[in-house]
Amino acid sequence: MSFGTKIFSGVQEALVLALMLVTVFALFYVNIDLMYKVGIGVIVFTVIFLITIATQILTQQKEIKRANAA
């Protein structure tokens with residue numbers, strides 16, 4: 001269940017997919033105002049984007065520490 005590259009751990013992938021499914025449900029199947037739908041979409045996009053950036057930064061820091069230790 002990988003997105004192509006190994007960025008996320010299994011738990012992170014499951015949480016991101018669950019967040020996407022909840023978002024799709026909220027945007028298409030719940031009868032709420034359009035502004036709320038846009039707000040939900042923006043918040044979810046931001047959360048997923050920040051999770052990806054944080055994971056990449058942590059991975060790079062681990063690689064730098066390994067390179068400095070060797």
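Here is how the numbers come out for the structure above:
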| quantity | calculated |
| --- | --- |
| At 1.567 mPa s and 4 °C, Stokes diffusion of the chain via Kirkwood alpha-carbon radius, µm² per second | 92 |
| Per-residue HN-Hα couplings for segment 39-50 [Karplus 6.51, -1.76, 1.60; θ = phi - 60°; Hz; x = Gly/Pro] | x, 4, x, 5, 5, 5, 4, 5, 5, 5, 4, 5 |
| Spacing of the two label points (7 Å from each Cα toward its C-beta) at residue 57 and residue 70, in nm | 2.5 |
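Computed from the coordinates by the stated procedures, all read-outs in this text should not be read as laboratory data. Only a predicted model underlies this, so the values are computations on that prediction, with no experimental measurement involved. Neighbour counts are summed over all protein chains in view; Cβ atoms, including those assigned to glycine, are modelled from backbone coordinates with ideal geometry.
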